[in-house]
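Q: First the structure, which I've put down as structure tokens, then a few questions once you've had a look.
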């Protein structure tokens, strides 16, 4: 029994060694036959690849660029937190739910904002009271200023009237009185002189006594003194009295003018200060009213409403990996302007595929793209390019030099049913078409330096010039004709 077991074990070992040798031989042959091939047979048809020979013929084929990406909604709305502070989510609809415009998506805690609203209401009422008091104070000061200014204006008017009365009334009157007194003194002097002459003649004739003569002499002396006094009075008025009275009257007018100006300046300063305080309180009230309005809007914003129909997607589900570490859920705090929801309209979908920068010059607007979706295997959806990104997306940390551009392909409206954003997809962009040209599979063309050639026999090659190429076929512009045959592999690799 031990002998049988040993024999069976040896056979198994020999069989295993033989199997490994066969596999290794197959790998070496595969490497030798495929190391210098410029293409591969991934896209050729089964009927053309089942034989080693390919019959050259004219063929029409599409020129394509293949890229991968994911689906997205053509139209979507990002819903951000409009509350200017961090608040916790107290209610939220489940992700993936379809909602209608006006539905409640989430509610944030509102107790803090309600308390601040109550405080701000009291502040607004206090500011309104202060403003009302300032308005009344301003009105009182305006009335007081008008009264004091009116009083000084009356005093100035009276001072000017007194000056005019003195200048046009008192002064002429006084001048006439002084002139009249001078005329009377001159008249009395002449009369006294005549009377004295007459008395002297009568005294010589013994008609009057000596006493009467002396009386007339005394009267003449008094008349002369009266004339001197009258002239002195006129001189004194002109030199002293008139200038003194004039200066006194002018001073009263100037004093009244100065008093009026001081009152005006004082009133202006006081009213300006009160008006400035009033404007300050108006601004303070407006600021508090604005803040109260904002707080009320903030309170409204704690209830998040759907602005349109759509599929609920949490903001962290489409954000960066860092944000996904703290997903949207009840109890989580959200900051101001943070994206809470994305509402994609899945009625019209687009494919966002990434095209390598080397292939981008061949991609144009409105080119057709055949899109295959991983969630719908075997189905091809034809769309058109509607947008080509201007800036490239940076490569990952594993391949930082990679530069790819996002190309947006709009899918037909009837293709959106059942599709969801972020589904993986592949796009084949039809960049051109080769019509009725000599074409062979890409794996039949070989390269040595800058020369291209094909195998037309086991030990026979022929130089060719290539034209446009797809992933499966390449156009031959020179070197082959309709009816020729080429090998699809390197005949020297098998030792033939």
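Q: So how far, in whole Å, is the C-alpha centre of segment 226-265 from the one of segment 354-413?
A: Going from one Cα centre to the other spans 105 Å.
Q: Would you please give the FRET efficiency between residue 133 and residue 165, computed as 1/(1 + (r/R0)^6) with r the Cβ-Cβ distance and R0 = 35 Å, to the nearest 0.05?
A: With R0 = 35 Å, the Cβ-Cβ based efficiency is 0.15.
Q: Turning to a different aspect of this structure: When a/c is below 1.5 the answer is rounded, else prolate if a/b is larger than b/c, else oblate, so apply that to segment 133-249 with a ≥ b ≥ c taken from the square roots of the Cα gyration tensor eigenvalues.
A: It is prolate, given that a/c is not under 1.5 and a/b is the larger ratio.
Q: Further question on the same structure: Can you sort 77, 56 from fewest to most other Cβ atoms within 10 Å of each residue's own Cβ?
A: 77, 56
Q: Within 10 Å of each residue's Cβ, count the other Cβ atoms and sort 152, 55 from fewest upward.
A: 55, 152
Q: Could I ask something else about it? Under the rule a/c < 1.5 gives rounded, and otherwise a/b versus b/c splits prolate from oblate, where does segment 203-267 land using the Cα gyration tensor?
A: prolate
Q: On C-alpha positions alone, give me the angle between the axis of helix 242-301 and the longest principal axis of the chain, in degrees, nearest 10.
A: 20 degrees
Q: Please tell me the relative contact order of the chain in percent, rounded to the nearest whole number, where contacts are Cα pairs under 8 Å and at least six residues apart.
A: Relative contact order of the chain: 32 percent.
Q: Please determine, in degrees from 0 to 90 and to the nearest 10, the orientation of helix 210-236 with respect to the longest principal axis defined by the Cα atoms of the chain, where the helix direction is its Cα long axis.
A: Compared with the principal axis, the helix lies near 0 degrees.
Q: What relative contact order, as a whole-number percentage, does segment 114-293 give when Cα pairs under 8 Å and 6 or more residues apart are counted?
A: With pairs under 8 Å counted, the relative contact order is 48 percent.
Q: Helix-only estimate, please: 222 nm mean residue ellipticity of the chain, summing -39500 (n - 2.57) across DSSP H runs of length 4 or more and dividing by its residues, to the nearest 500.
A: So the calculated ellipticity at 222 nm is -16000 deg cm²/dmol.
Q: Please rank 485, 273, fewest neighbouring Cβ atoms within 10 Å first, as an exposure proxy.
A: Least to most surrounded, the residues fall as 273, 485.
Q: Per q in 0.08, 0.09, 0.11 1/Å, what log10 I(q)/I(0) does a Debye calculation on the alpha-carbon atoms of the chain return?
A: These q points yield log10 I(q)/I(0) values of -0.88, -0.96, -1.11.
Q: Using only the alpha-carbon atoms, how far is helix 2-34 inclined from the longest principal axis of the chain? Give it as 0 to 90 degrees, nearest 10.
A: Orientation of helix 2-34: about 60 degrees from the principal axis.
We did not get these values from a lab; they are worked out from the coordinates using the rules stated. All figures in this text were calculated on a predicted structure; none of them were measured in a lab. Counting neighbours? That spans all protein chains shown, and the Cβs are built from the backbone with ideal geometry, glycine included.
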